[in-house]
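Working notes for the structure below.
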């Protein structure tokens, strides 16, 4: 990078810091006014709106808060579920600059056509349909110009705020906010590296080649058209798992499709080295030829041996609704060293899951999983754990949320199946024997 580029980046970072201070200054005045009027319940909403105004990093931070109920107050966790990662599309002229910068003269040699209207526009990247010179239909995920500079400026400011809080707030050091910020920075840095996402896709594809018979696919990555800022993948045509009416056009049994998805996901936990950490139904697509596709590998998770063992027992416990075993498995990954009353913990877990099943029965006619409901059970679980002296690691919360998705899908598409004991979940049973 040239000296001129460094100067420009420094200037952009300075402007970004000033913009951030301005937004939070205005928001701070508003919060003080509401606090004086006894309207503190509006604070989470005001913070969420400030995050959306600032975009990129802060939207991702809002999503982090929403996915970590054990670390943040419930009112903020609930509000951040509404934090939308949808922004106004950039003009294609701006996107084309990124393409030309990375591909240079090769741009016209790689693509014969690129749709100027985006398929999707988010805080970090914009997605366009295109056609390769070789004739394949593809989608290109293009990073927004200057986004890395913006993220770095934002992260420096967020880290300073976290450090300051730990120093001056009573009990602030116990919150370990700087550690949380460091983990957040690692995650968001990975998400802006499209070469890493491409590697995740290829690793999952390799896993499928070894453990699947062609019924499950991922988008093909075109390496010659992929850089750190641009990800080019085959365009897949189909419908999401949520679209039950359309699914039946491409598969005779949505139930079998769900079993296939579960077998694949459970198998990846052991044999792939990571797990897809966002299996909402929109990322599980039934293609026009009947294949199942896993989409979006920007968020993946990895787990330790302790979490793996607890997961095996927890899945068995969820399938049989054995709350004592569920309690024991969660105690197994407890990050504290205190004694836990398993019977008391078991009773608390029973209430959490009975409430969840009540909600599921009320919404039995739809497969759309209500994010607020899933998040509520996560918060209730964390609350019960904390009441019993447990501290659950964040990666387990991420993993457990995926189990909740599948648990809900089973109740709607395959209510006759017990995940833990069903012989139809063949690969999972084999994993238990191998482990």
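The numbers here are math on the coordinates, done by the rules we state, and not lab data. Owing to the predicted nature of the structure, the values given are computational and were not obtained by experimental measurement. Please note: Cβ atoms are built from the backbone with ideal geometry, for glycine as well, and neighbour counts cover all protein chains shown.
Using the Cα gyration tensor of the range 124-167, with a ≥ b ≥ c the square roots of its eigenvalues, what is the shape: rounded (a/c below 1.5), prolate (a/b larger than b/c) or oblate (neither)? Display every interim value, and only then the final one.
Numbers: a/c = 6.89, a/b = 4.76, b/c = 1.45.
Here the range 124-167 falls in the prolate category.
Tell me, what is the FRET efficiency for residue 355 and residue 117 to the nearest 0.05, using R0 = 56 angstrom and their Cβ-Cβ distance as r?
Efficiency for this residue pair is about 0.80.
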Can you sort 383, 310 from fewest to most other Cβ atoms within 10 Å of each residue's own Cβ? 383, 310
Pop a pseudo-label 7 angstrom from the Cα along the beta-carbon direction at both residue 287 and residue 321 and give the gap in nm to one decimal. 3.9
Taking R0 as 25 Å, what's the FRET efficiency between residue 199 and residue 256 from their Cβ-Cβ distance, rounded to 0.05? 0.20
By Cβ neighbour count within 10 Å, fewest first, 113, 128 rank 113, 128
Residue 101 versus residue 423, label points 7 Å from Cα toward the beta carbon: distance in nm? 5.9
How far apart, in nm, are two points set 7 Å out from the Cα along the Cα-to-Cβ line at residue 223 and at residue 93? 3.7
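Sort 308, 265 by Cβ crowding within 10 Å, fewest neighbours at the top.
With the sparsest Cβ surroundings first, the list reads 308, 265.
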